[in-house]
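So the structure is just underneath, and the comments pick up after that.
The values are calculated or read from the model by the stated rules, or taken from the named source; none is laboratory data. Model, not experiment: these values are computed from the prediction. All Cβ positions, glycine included, derive from the backbone under ideal geometry; neighbour counts span all protein chains shown.
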Amino acid sequence: MEKRRFMLTSVVIVLAILLLHASTLGDEMLNVVNTPTAYSLMRGFYYVNMNAYGGGGINTRIAIGLTDRLTLGLSEDVEGLVGQHHMRWYVPGVLARITFLSPDEYPIGFALGYDSFYFGELAKKAHTRPMVRYTEDGTASTNVQEELIYGIYFACTHPFILLQGMSKLNWGLRIPLVPYEARGKGENISTYISMIVPFAADFRLYGEIESIYFNAARAGEILYNAGFRYNITQELGLSFKLHYSMDRNINPTQKPSRVICIEYQNLFY
């Protein structure tokens with residue numbers, strides 16, 4: 001079953017990469033669901049992103065464009081903030097992104113960044129339960145990771161024409177750095193692929209496949225996410241997102257986890 005899932009994911013990736021022959025257009029989004037694009041905020045613009053996920057959790061991200069290619073910000077995740085659940089505050093993390101090749105200027109954009117790798121119920125289970133971990137002396141650790149995973153990523157974005165609209169194909173590589181145990185001697189390096197497709201003037205449909213490890217035996221840890229965004233105004237957007245895992249240990253009910261997201265972007269200086 002896991003090999004079949006891995007083969008299905010590989011076919012999807014190959015078909016998506018074939019779309020690279022399409023013509024170039026642009027549509028700026030900094031992130032899809034859990035994965036980044038190669039865009040950065042324009043100089044002087046700020047960005048606020050708040051995701052409400054299952055169990056009363058809230059994930060908030062604030063960033064500002066220092067230049068047209070450099071974006072800096074902070075992210076914070078709080079479990080159980082809404083409702084009667086036990087609250088848990090994670091240590092705020094730094095996020096940074098520098099775009100070397102802008103997707104608006106080149107056929108394929110390229111960016112290097114540092115950020116957390118996920119948020120939400122299913123994503124946390126997928127990244128904490130089965131990950132290979134090692135202590136500083138090199139011995140294996142079986143403790144469940146309790147902190148969010150941060151690391152560097154390489155993101156590519158290719159704008160292209162699909163159904164006469166402005167779409168984007170994104171893919172990249174993520175390397176965990178913090179906490180130390182998540183590095184796993186390179187075993188936890190993963191890749192992802194995503195697509196953003198405009199639907200009418202103010203709607204965006206998008207989907208992504210993440211946590212694709214270079215090991216067919218870990219195919220069950222792959223996450224499938226999707227959603228749509230409605231631009232209420234030029235500054236304000238409302239999104240509905242779905243997180244899904246085929247692994248019954250991660251997702252016993254086999255139902256997607258729902259997320260509501262509010263995004264706001266405007267000129268600061």
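Contact map, region 207-234: first residue part of a loop (DSSP other than H, G, I, E, B), second residue of a type in the set (Val, Ile, Thr), Cβ cut-off under 8 Å, separation 6 or more or different chains; pairs are Phe214/Ile189; Phe214/Thr191; Ile222/Thr9; Ile222/Ile209; Ile222/Ile212. Among the residues making up region 199-212, those that are crowded, with 20+ Cβ neighbours inside 10 Å and farther than 13 Å from Ala226 by Cβ are Ser211, Ile212. Read through the list (1) closer than 30 Å to Pro179 by Cβ; (2) in contact (Cβ under 8 Å) with a residue 24 or more places away in the chain, then give the number of the only condition that Leu238 fails. Looking at each condition in turn, Leu238 falls short on (1).
One residue stands out in region 171-211 among those that are among the acidic types (Asp, Glu) and over 27 Å from Glu263 (Cα atoms): the one that is farthest from the chain's Cα centre (by Cα), namely Glu181. Summed over region 59-83, residues that are in a strand (DSSP E or B) and over 24 Å from Leu101 (Cα atoms) total 7. Screening region 84-127 for residues that are assigned to a strand (DSSP E or B) and among the charged types (D, E, K, R) and picking the one that is nearest to the chain's Cα centre (by Cα) gives Asp115. The criterion of being surrounded by fewer than 18 Cβ atoms within 10 Å (Cβ to Cβ) and part of a helix (DSSP H, G or I) holds for Gly55. Here Tyr106 fulfils each of the conditions (1) within 24 Å of Ala52 (Cα to Cα); (2) surrounded by fewer than 21 Cβ atoms within 10 Å (Cβ to Cβ); (3) modelled with pLDDT of 90 or more apart from (1).
Tell me, yes or no, whether region 178-192 has at least one residue that is under 17 Å from Tyr39 (Cβ atoms), in a strand (DSSP E or B) and at pLDDT 85 or above. Yes, some residue in region 178-192 is under 17 Å from Tyr39 (Cβ atoms), in a strand (DSSP E or B) and at pLDDT 85 or above. Candidates are the residues of region 143-177 that are under 16 Å from Tyr114 (Cβ atoms) and part of a loop (DSSP other than H, G, I, E, B); the one that is modelled with the highest pLDDT is Ile149.
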